[in-house]
Amino acid sequence: MTSDGAYADVRPSAPAGTMTLPARYYCDPAVFEREGERIHRAMWNAACPVDDLREPGDYRLVEIAGDCLVVVRGEDGRIRAHHNVCRHRGTRMVEAESGCLPGSIQCPYHAWTYGLDGQLRRAPHMDRVEGFSVEDYPLASAACDEWGGIVFVRVADEGPGLLEQLGPAAPRLEPWGIGDLRSAHTERYDLKANWKLVVQNFSECLHCPVIHPQLQRLSHYLSGENYPVTPGAVGSAMDMADGVETMSTDGRLVGEMLPGLPEAGRRRVGYDILLPNVMLCLHPDYVVRYLMRPLAVDRTTIRCDWLFSEEAVSRHGFDPGRAVVFWHTTNLQDWRVSELAQQGIASSAYRPGPYSNREDQLWQIDQLILERLGEA
């Protein structure tokens, strides 16, 4: 901030001549398929909130780059991720998106039956097959772990641990106690846009005065700072205007002030991306959590939860509406311009354009993607 109270448009630039990515990275199904293999299946991918799986048998179907996983809580309380593929003849077994399994998973074709731990229990008409043993045919599984109230899975057989992927983002986010917060409202969105356009839009606020006038009134678009980009996370923080307590329709607190925050965290809004598919808006009194699911090169679905402390949600008469309306309005504005960007990039007239010095983080995200694809 300058001596007259204004925010200076100064930030370390990306290397001179940096440009946006060519159209194929947003429009070519072959690139999207390669991202699936080298990014979404190779990295820890947010599957669902832990709270979706409260009781044994509770499950969610999760699509990751063409693979369908049954993420389920077992009888022993442990959450596992099984490929939704029968070991007999490859049939998809579970059809409903979510529910509670009755202690087992049964293939609807020939009734091969598996425990919630993935072990084959029963295989009709196989008793006379020489050398056959149920112990040899468990469901294929993916690595599964939890952090911040989210179940993460890694489809690839090998890779870093979850905390290694999160890197310095995990301790940076710890004061918000995200894993202890409860969802007070959920929205689901279906975007006709590439997932990387959503990530890029989330990572800069140069569009805020034009697209988000309600946000600009509460937090100046040139305020704040970016955190160093790491292979697993991108983040920034922005200052709230004088007299503003949180991001809501009236700028006043909606929930209880989160107790673990340092003083600086009470005057800022954090924007963190846990690559490849989690986005977090961090406030003094609540967190907005976005779980993205890329379904096609030009289609992305997003689940959005407004998370508050147990104390706030349990309070008689608690209403998250001022926070929900604020961010739902902002979300719809962002999704609209992301879809417009998708349409424009798909045009034969599109050519890569230059990044400004305020968009250095976007260029760094591009480099992470290219490195993963082996094209840096």
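Bear in mind that the values in this text are calculations on the coordinates, not laboratory data. This structure is a prediction, so every number in the text was calculated from the model and none was measured. All Cβ positions, glycine included, derive from the backbone under ideal geometry; neighbour counts span all protein chains shown.
Relative to the longest principal axis of the C-alpha atoms of the chain, give the angle of the C-alpha long axis of helix 321-345, reported between 0 and 90° and rounded to the nearest 10°. It works out to around 80 degrees. The longest stretch of the chain left intact once loop-based trypsin sites (Lys or Arg not before Pro) with at most 10 other Cβ atoms within 10 Å are removed from consideration, loops following DSSP, is 129-376. What are the GluC sites (Glu not before Pro) within region 74-126 that DSSP puts in a loop, where the Cβ has at most 10 other Cβ atoms within 10 Å? In loop regions of region 74-126 (DSSP not H, G, I, E or B), the sparsely surrounded GluC sites (Glu not before Pro) are E95, E97. Cα centroids of region 309-335 and region 125-157: 39 Å apart. Relative to the globular-protein estimate of 2.2 N^0.38 Å, the Cα radius of gyration of the chain stands at 1.07. For the chain, relative contact order (Cα pairs under 8 Å, six or more residues apart, normalised by length) works out to 21 percent. Filter the chymotrypsin sites (Phe, Trp or Tyr not before Pro) in region 111-175 to those in DSSP coil with at most 13 other Cβ atoms within 10 Å of their Cβ, and list the result. Passing both the DSSP loop test and the Cβ count: F132.
For the pair T329 and E95, what calculated FRET efficiency results from E = 1/(1 + (r/R0)^6), where r is the Cβ-Cβ distance and R0 = 30 Å, to the nearest 0.05?
So the FRET efficiency works out to roughly 0.25.
What's the center-to-center distance, using Cα atoms, between region 66-120 and region 34-53 in Å? Between the Cα centres of region 66-120 and region 34-53 lies a distance of 18 Å. Between A30 and A349, the FRET efficiency estimated from the beta carbon spacing at R0 = 22 angstrom works out to 0.50. Net length available on complete extension from E55 to H207 is 50.4 nm, with 0.36 nm assigned per residue and the Cα-Cα distance removed.
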